[in-house]
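Have a look at the structure below, then the notes.
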Amino acid sequence: GAGVSQSPSNKVTEKGKDVELRCDPISGHTALYWYRQSLGQGLEFLIYFQGNSAPDKSGLPSDRFSAERTGGSVSTLTIQRTQQEDSAVYLCASSLGRGVYSGNTIYFGEGSWLTVV
Amino acid sequence: GESVGLHLPTLSVQEGDNSIINCAYSNSASDYFIWYKQESGKGPQFIIDIRSNMDKRQGQRVTVLLNKTVKHLSLQIAATQPGDSAVYFCAESQKLVFGKGTKLTVNP
């Protein structure tokens, strides 16, 4: 697609329920990132994919959080047994590669706004 | 660990003035830095980047300066416009560690 697409754009869920957030990166981008942004805060790194593998999961806050990527394209971030502190904007980003200057600008989606009530 | 911070959480300028947003980083091995702009309700948007082998890079109305000696970078916006009002983030290197951002408000 033309840009990074995320769905749903908004999600209200009850505490204890599971949620799935989807990210469709820019076509051809091999690197995919998930970030979390709480209100008025910076971006908190969650996980990074290169292709379908996740060499860096260091940012996942607990074992309730998991992510997968299939076909080197779409990624799903799953939050199990949601808690109120999970309320935030979940941002996905993609790039052609990672860490090398040329052509690896990182593009963000508009985010999935999650509210846990 | 890595950290990226911004010196000021808010910055208010008059339309037409130049704006300077500062950022400090801690990882001396960082080799690539990016500035992003985030408007309310939107995802961050790439503005400009710089490699560690450069100390200055210019774009359209924006300039990024990198001082590796003191691990500091800045974003300069010339002739600031109301449309520049947003939160600006700096990010470093491969993990894209972000600071909390500086909220720029441009007064007409």
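General remarks:
- Mean-square fluctuations from a GNM of chain A, with a 10 angstrom spring cutoff on Cα atoms, peak among A:V12, A:V74, A:V89 at A:V12.
- Solvent-accessible area per residue in chain B equals 49 Å², computed with a 1.4 angstrom probe and all protein chains kept.
- Rounded, prolate or oblate (a/c below 1.5 giving rounded, otherwise prolate when a/b exceeds b/c) for the stretch B:47-104 by Cα gyration tensor: oblate
- Put a plus charge on the Cβ of each Lys and Arg, a minus charge on the Cβ of each Asp and Glu, and nothing anywhere else: the dipole of the stretch A:28-92 about its Cα centre is then about 100 debye.
- Placing unit charges on the Cβ atoms only, positive for Lys and Arg and negative for Asp and Glu, gives chain A a dipole magnitude near 60 debye about its Cα centre.
- A probe of 1.4 angstrom, applied to the heavy atoms of all protein chains, finds A:D63 with accessible area near 130 square angstrom.
- 3J(HN,Hα) from dihedral phi, the stretch B:101-108, Karplus parametrisation 6.51/-1.76/1.60, rounded to Hz, x for glycine, proline: x, 10, 8, 9, 10, 10, 8, x
- Dipole magnitude (debye, nearest 20) for the stretch B:11-108, charges at Cβ of Lys, Arg, Asp, Glu: 240 debye
- Whole-Å semi-axes of the ellipsoid equivalent to the protein assembly as shown (Cα gyration tensor, √5λ, descending): 30, 20, 16
- Spatially proximal lysines relative to A:K11 (Cα-Cα < 23 Å; intrachain offsets below 8 disregarded): B:K42
- Comparing A:L32, B:T80, B:N53 along the charge dipole axis of the protein assembly as shown, the residue lying farthest to the positive side is B:N53, per the Cβ-charge model.
- Residue-by-residue Karplus 3J(HN,Hα) for the stretch B:79-90, coefficients 6.51, -1.76, 1.60, Hz, glycine and proline x: 6, 4, 10, x, x, 7, 4, 4, 9, 10, 10, 9
- When A and B come together, around 1800 square angstrom of accessible surface is lost from both chains combined, probe 1.4 Å.
The values are calculated or read from the model by the stated rules, or taken from the named source; none is laboratory data. Please read all numbers here as calculations on a predicted model, not as lab measurements. Positions of Cβ are backbone-derived with ideal geometry, glycine not excepted, and every protein chain shown enters the neighbour counts. Only protein heavy atoms, including side chains, enter the accessible area calculation; ligands, DNA and RNA are left aside. Shrake-Rupley method; radii C 1.70, N 1.55, O 1.52, S 1.80 Å.
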